[in-house]
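Heads up: the structure comes next, in structure tokens.
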Amino acid sequence: MSAQAGGRDFAGAARAALADPVLQQALANIPAGFQEKRRNAISRLPEWDALVAAAVAIKDRTLDNLDVHLERFEAKVTAAGGRVHWCRDAGEARAAVLSICSNAGAKTVLKSKSMIAEEIALNAALEENGIEPVETDLGEYVLQIRAEAPSHIIAPIIHLNRGQIADSFLESHKKYGKTERCDSARALLNEAREILRGKFLSGEAGITGANLLVSETGSAVIVTNEGNADLTLTLPRVHIVVASIEKLVPTVADAWTILRLLARSATGQDITAYTTFVGGPRRTGDAEGPEEFHVVLLDNGRAGMLASPFRDMLRCIKCAACMNHCPVYAAVGGHAYASVYPGPMGAVLTPWLAGIEHAAELPNASSFCGRCEEVCPMKIPIPHLLRLWREKENDAKLSSRRSRILLALWAFAARRPWAYRLGARVLVRGLNRLSQGAGRIRELPFGAAWTATRDFPAPEGGTFQALYAKRKKR
Amino acid sequence: MSARDEILARVRAARGKDAPAPRPPAVIPARAKGSERELFARFCEMAKRAGATLAAVPDARELGREIARFLGQEGLPRAVRMAGDPGLDFIALLKPAGFSVSRGPAQPADRVGLSRALAGVAETGSLMFASGPGQAMSLALLPEVHIAVLARARIAGSYEQAMAPFRGNDGAHELPRAVTFLTGPSRSADIEQKIQFGAHGPRRLHIVILENAP
């Protein structure tokens, strides 16, 4: 799936999601699974706020000098015997990976979960070229055999329950001689482990993402809980990192400041089970490790974003705290967004990657409650950025005609006190008449969607301005 | 224009116009600081919280006994795979009853991998490993059980302190190909958000601390 599909018919998909009992049950795991664990982890670290402030400053400084850090990073990778492949867009990145694989004669490629690989739709490109991608992250492996897209950036199969996974395994693992349905999470994990073990040993190339790139050392920093990234970057003959340009941080110390925030924000762990700094091919005397090391460095619009009002979004470390705390995400899940990046961060990023004309509904998939910004360890002003998209959506006439007319009317009145007073008076009278003294309105003309599930409160005692004037006189 | 030049030109055009903000001071959590005893105790507490088991032994002779005890308790064969690390030669020399020790990176059939951690990190109970001659990360990834030997003197407070030996005279880090921080056994919570140990890597991590070793 590509980002180009961004958010088409969010409303329809959201309605379907709300009516899906299996999905709703799966989404109910979010509060205890993510919110509580994050809260506990942060409460055990009194330096949290200081770390957040430092991390924001580190990332802002890096973005101010990103060209310097990109060049330094490349120089370090090259000095270690690796190679950086600069790619303007998804097509160039796919071509770079394919050419590395074909030069290496790779037929089976191990993959460790990477959102950039999703963004550039890498698996489809590999398959079309006769290369078998093997997802090694348990969640991504389940998605691969179900031919589904992830619904969350760190918990890709949060929308599935155990039974669905067991059914998929039973069907897909027949070819390995497995005929029994696994009835527990433990059994499912063991079966996946056994089957993937064989693949780990046969992969000729390994592809990982990067949580950070460090310019001081030319390293990619990769975190996992399963250890699949470390197997992927240790066993095959070729290691390919796919990463976007905003992943840079200057130093190892800067990386640790951000790593202290990452796992706590994401899963509520102090740190993930595996955190690895990796760069370059196997060195003289090394007992293991790949012979080739490549970094496929993707721009895909990010340099342009740097010069735009959306610059703050480039601080994002993809921890998923925003979607874990979003009431809209919790109600509809990730697939309703129909984009690689769901939730609040996705609603900002997808219109940029896919074009606002392909994702105009996403900035509206928000109640603007502001929890995303509150929990963001990089203090990204997500509601503000969504508001910017709504402005663009309105300017480009992508919103509904009715909402544009209403906004234009409101804008007219807001700039003319006499018109505002008049309009408010007419509205209040009209609403009062509709409520017939009941204090609430059962059915609102032009607002049936609102009153279908709840009553609209009728205004009491005239317009705000009238009440204000009366109280001031007292 | 090449993709490289074009991307860099676009990034340059968007450079910050103001003077660079001052470098923020490093924030090292208080839990990464303390006396040697405090850091040792914190390391043990944090490692246990992450799902590892621990044992402390005074010297190499006791280490052999502890390994034998652990393997027996887990019902595992007395066959251990470890890398060429000369720092582990003494284990090969111990040869407690019926032990077989083979050297080199992990092989698919190995059930127990043993390696020597270069450092411990009290902050989160993490172990630091690095690639290099005589080292093999696969020992901490492929076998179902991983035994890590850690000298008590190598327990640092923070990650930064653990990585300090990689710093050159100019203060910049020169890293081996891979430096890995390991915190507890491999795990996954992908299925219904419930943690299961032993996803791809070991389901058990047993840390043996050598009290009197460099």
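The values are calculated or read from the model by the stated rules, or taken from the named source; none is laboratory data. Everything numeric here is computed off the predicted structure, so don't read it as measured data. When we count neighbours, we look across all protein chains shown, and the Cβ atoms used for this are built from the backbone with ideal geometry, even at glycine.
When segment A:300-314 is examined, which residues are found to be of a type in the set (A, V, I, L, M) and within 15 Å of B:Leu8 (Cβ to Cβ)?
Our first condition is that a residue be of a type in the set (A, V, I, L, M); within segment A:300-314, this holds for A:303, A:305-307, A:313-314.
If the condition is that a residue be of a type in the set (A, V, I, L, M) and within 15 Å of B:Leu8 (Cβ to Cβ), then A:Ala303, A:Leu306, A:Ala307 are the ones that fit.
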Check your understanding: Condition test on A:Cys326, is it buried (at least 24 other Cβ atoms within 10 Å of the Cβ) and more than 18 Å from A:Lys247 (Cβ to Cβ)?
Key -> yes
Exercise for review: Assess whether A:Glu393 counts as being touching a helix residue (DSSP H, G or I) at 6+ places or on another chain (Cβ under 7 Å) and not small (Gly, Ala, Ser).
Suggested key: yes
Check your understanding: Which residue out of A:Ala438, A:Ala424, A:Ala419 is within 24 Å of A:Asn394 (Cα to Cα) and in contact (Cβ under 8 Å) with a residue 12 or more places away in the chain?
Key -> A:Ala424
Check your understanding: Out of the residues in segment A:310-326 that are of a type in the set (D, E, K, R) and over 12 Å from the mean Cα position of the chain (by Cα), which is farthest from A:Gln269 (Cα to Cα)?
Key -> A:Arg311
Practice item. Please work out if A:Ala54 is in contact with a Gly (Cβ under 8 Å, 6 or more places away or on another chain), in a helix (DSSP H, G or I), of a type in the set (Gly, Ala, Ser) and modelled with pLDDT of 95 or more. Key: no
Check your understanding: Got a sec? Which helices (runs of 4 or more DSSP H) wholly within segment B:1-96 have at least 3 residues that are modelled with pLDDT of 95 or more and within 12 Å of chain A (Cβ to nearest Cβ)?
Key -> B:3-13, B:36-49
Revision key, fill the gap. Note on A:Ala90: of the conditions (1) more than 23 Å from A:Leu262 (Cβ to Cβ); (2) surrounded by fewer than 19 Cβ atoms within 10 Å (Cβ to Cβ), unmet is (2)
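Among A:Thr284, A:Thr251, A:Thr257, A:Thr272, which is more than 30 Å from A:Leu27 (Cα to Cα), among the hydroxyl-bearing types (Ser, Thr, Tyr), touching a helix residue (DSSP H, G or I) at 6+ places or on another chain (Cβ under 6 Å) and assigned by TED's automatic domain parsing to the domain that holds A:Leu70? Before the answer, list the steps.
On the way: A:Thr284 fails: touching a helix residue (DSSP H, G or I) at 6+ places or on another chain (Cβ under 6 Å); A:Thr251 fails: touching a helix residue (DSSP H, G or I) at 6+ places or on another chain (Cβ under 6 Å); A:Thr272 fails: more than 30 Å from A:Leu27 (Cα to Cα).
Sole residue among the options that is more than 30 Å from A:Leu27 (Cα to Cα), among the hydroxyl-bearing types (Ser, Thr, Tyr), touching a helix residue (DSSP H, G or I) at 6+ places or on another chain (Cβ under 6 Å) and assigned by TED's automatic domain parsing to the domain that holds A:Leu70: A:Thr257.
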Check your understanding: Here is a list of conditions, (1) within 14 Å of chain B (Cβ to nearest Cβ); (2) in contact (Cβ under 8 Å) with a residue 60 or more places away in the chain; (3) surrounded by fewer than 21 Cβ atoms within 10 Å (Cβ to Cβ), and A:Ala331 meets all of them except one; can you say which number that is?
Key -> (1)
Review point. How many residues does segment A:380-410 contain that are within 16 Å of A:Pro309 (Cβ to Cβ) and not aromatic (Phe, Trp, Tyr)?
Key: 16
Exercise for review: Could you tell me which numbered condition A:Asp312 fails, if it satisfies all but one of (1) in a helix (DSSP H, G or I); (2) closer than 20 Å to A:Ala220 by Cα; (3) among the charged types (D, E, K, R); (4) not assigned by TED's automatic domain parsing to the domain that holds A:Glu71?
Suggested key: (2)
Check your understanding: Somewhere in segment A:245-255, is a residue under 20 Å from B:Ala199 (Cβ atoms) and surrounded by fewer than 24 Cβ atoms within 10 Å (Cβ to Cβ)?
Key -> no
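Go over the candidates A:Ala448, A:Ala419, A:Ala413 one by one and state the one that is surrounded by fewer than 12 Cβ atoms within 10 Å (Cβ to Cβ) and among the aliphatic types (A, V, I, L, M). Before you say what the answer is, go through the steps one by one.
Numbers: A:Ala419 fails: surrounded by fewer than 12 Cβ atoms within 10 Å (Cβ to Cβ); A:Ala413 fails: surrounded by fewer than 12 Cβ atoms within 10 Å (Cβ to Cβ).
On inspection, the qualifying residue turns out to be A:Ala448.
Residues checked against (1) more than 7 Å from chain B (Cβ to nearest Cβ); (2) not in a loop (DSSP other than H, G, I, E, B):
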position: A:Asp254; (1), (2): yes, yes
position: A:Leu259; (1), (2): yes, yes
position: A:Leu262; (1), (2): yes, yes
position: A:Ser265; (1), (2): yes, yes
position: A:Gly268; (1), (2): yes, no
position: A:Thr276; (1), (2): no, yes
position: A:Arg283; (1), (2): no, no
position: A:Asp286; (1), (2): no, no
Revision key, fill the gap. The residue from A:Leu196, A:Leu231, A:Leu201 that alone is hydrophobic (A, V, I, L, M, F, W, C), surrounded by fewer than 24 Cβ atoms within 10 Å (Cβ to Cβ), in contact with a Leu (Cβ under 9 Å, 6 or more places away or on another chain) and under 19 Å from A:Ala273 (Cβ atoms) is A:Leu196
